[in-house]
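What follows draws every value from the coordinates through simple rules; no lab data is involved. Small disclaimer: the values here were computed from a predicted structure and weren't measured. Cβ placement follows ideal geometry from the backbone for every residue including glycine, while neighbour counts extend to all protein chains displayed.
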């Protein structure tokens, strides 16, 4: 799923929500202006839904831009010597007749996503894998990022476990996490002691029940290869529920970035402030405050990667958005505004 396709699906969801409710409610739910909505709606009405796909823009041709042949030399040298920075790379470029400043070289590398050492090492590893067949971890990860996406809520929920810490009088505390990749709606619970496949299976039942309460059906999960997600108690329970399981590659937490990002947010916005405010002698007290924070996260905290909308709003307030051809609502008396 490319970023352009994700943006396209989000715009279709906005138009679809307006067809189900109203333009005002759709704009409020997704955090956009009415001007933006009518621009998208008019484009879809005149040219079809395909017109909602973002168009690629050709970069402007600047008279002072670095010639393409010199750019190729810079990129080739950067990949051939991935561990040196722009300051040292200038010396090697001078040997090949390319005279650029260190800042100019660094801007070229950043523009081509080779500005960091890890990105250059990954690019070299992929070239080596393509030419010699030697595959390393850097070659699998690649120099470019990616994102998970599902067209409908419940199609793919990312599951993970997060070690909260060892609390006095309670013992080790783990957080079981589920995040919907379509809406970023999050569900979690805390368990004391070591996590097990039986705990994960029970958590799936809790997740399915919570989603059913907002009109969403759980059909697929994304997990890592931990024992709690590969145990027989967990896998057999998923088969009984008819839920598909997708596993990420070993030692690749970045493939479950949706869950990792949420757990980082929970650590910064809930756990650290909570542990500085009070001492928790019972797991129930900590879990109660965590559930309260989750309610705020899902219903009031805006997700800036999802059109500034709240996760609960994207779930449809009792029903998932229908990904069909929407009814486009246009005002009979359009208002022209000076921008």
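A few notes on this one:
- Note on residue 69 and residue 198: the model spin-label points, each 7 Å out from Cα along the C-beta direction, lie 7.3 nm apart.
- Added length on full extension, which subtracts the Cα-Cα distance from 0.36 nm per residue, residue 35 to residue 275: 82.0 nm
- Neighbour counts of other Cβ atoms within 10 Å put 301, 81 in the fewest-to-most order 81, 301.
- In this simple spin-label model, placing a label point 7 Å from the Cα along the Cα-to-Cβ direction at both residue 205 and residue 240 gives a separation of 0.7 nm.
- In the stretch 68-141, the ratio of gyration radius to Kirkwood radius, Rg to Rh, stands at 1.00 when only Cα atoms are counted.
- In plain terms, the chain from residue 233 to residue 53 could stretch by 60.5 nm, reckoned as 0.36 nm per residue minus the Cα-Cα distance.
- C-alpha center-to-center spacing [the stretch 172-207, the stretch 53-67] in angstrom: 46 Å
- Shape category assigned to the stretch 157-314 from the gyration tensor of Cα positions, a/c cut at 1.5: oblate
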